[in-house]
Amino acid sequence: MQSLFHLAFNVTDLDQTRAFYGGVLACREGRSTTTWVDFDFFGHQLSMHLGEPFKTTPTGHVGDHLVPMPHFGVVLALPDWQALAQRLTDANIDFILPPQLRFAGQPGEQWTMFFCDPFGNPIEIKGFASLDALYAS
């Protein structure tokens, strides 16, 4: 069964939210009110509501790195991932984990990058040469 994912979380400024998700990430804006805005996040629905962003801690082990937990993200086909990595690099995004390959030559080989939105909400974007390898072990 294929389905869409919905995630709602807090931000502190809707104009900054629109600039980041709509501008930098090029996500299409959906419905909104004076207190929240929806975005099409690569085919999934994000709803950002005015409020206190969730607390994160760097406890997720990714190779030799610690990344913020919890975090959310998306898995893209490698060409789309590469285009987004370039767009984020060109936008001078401050990466927690810059675009890089991990698990090279192993099942589940993937490209990854970690960064935060303007409110500290951590995002991971993964890229796969074949999405069939997503759950390879």
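Just one of the numbered conditions (1) aliphatic (A, V, I, L, M); (2) at pLDDT 95 or above; (3) outside any helix (DSSP H, G or I); (4) more than 25 Å from Ser137 (Cβ to Cβ) is not true of Leu4: (2). The residue that is surrounded by the most Cβ atoms within 10 Å (Cβ to Cβ), among those in the range 94-110 that are under 20 Å from Val24 (Cα atoms) and not aliphatic (A, V, I, L, M), is Pro99. Scan the range 92-137 residue by residue and report those that are in a loop (DSSP other than H, G, I, E, B) and modelled with pLDDT of 95 or more. Result: Asn92, Ile93, Asp94, Asp117, Pro118, Phe119, Gly120, Asn121. When the residues of the range 37-61 are filtered to those that are closer than 13 Å to Val11 by Cα and among the small types (Gly, Ala, Ser), the one that is surrounded by the most Cβ atoms within 10 Å (Cβ to Cβ) is Ser47. The residues of the range 85-104 that are over 23 Å from Gly60 (Cα atoms) and either in contact (Cβ under 8 Å) with a residue 40 or more places away in the chain or not polar (S, T, N, Q) (or both), listed by number, are Arg87, Asp90, Ala91.
On inspection, Val67 passes the criterion of being modelled with pLDDT under 95, closer than 15 Å to Lys126 by Cα, hydrophobic (A, V, I, L, M, F, W, C) and not in a loop (DSSP other than H, G, I, E, B). A Cβ distance below 7 Å, combined with a sequence gap of six or more or placement on separate chains, defines the contacts here; from the range 27-49, residues that are within 18 Å of Pro118 (Cα to Cα) reach residues that are among the β-branched types (Val, Ile, Thr) and crowded, with 17+ Cβ neighbours inside 10 Å in the pairs Glu29/Val37; Val37/Thr17; Phe41/Val74; Met48/Val11; Met48/Thr17; Met48/Val37.
The values are calculated or read from the model by the stated rules, or taken from the named source; none is laboratory data. Nothing here was measured: the structure is a model prediction, and the numbers come from that model. Cβ coordinates were reconstructed from backbone atoms using ideal geometry, including for glycine residues, and neighbour counts include every protein chain displayed.
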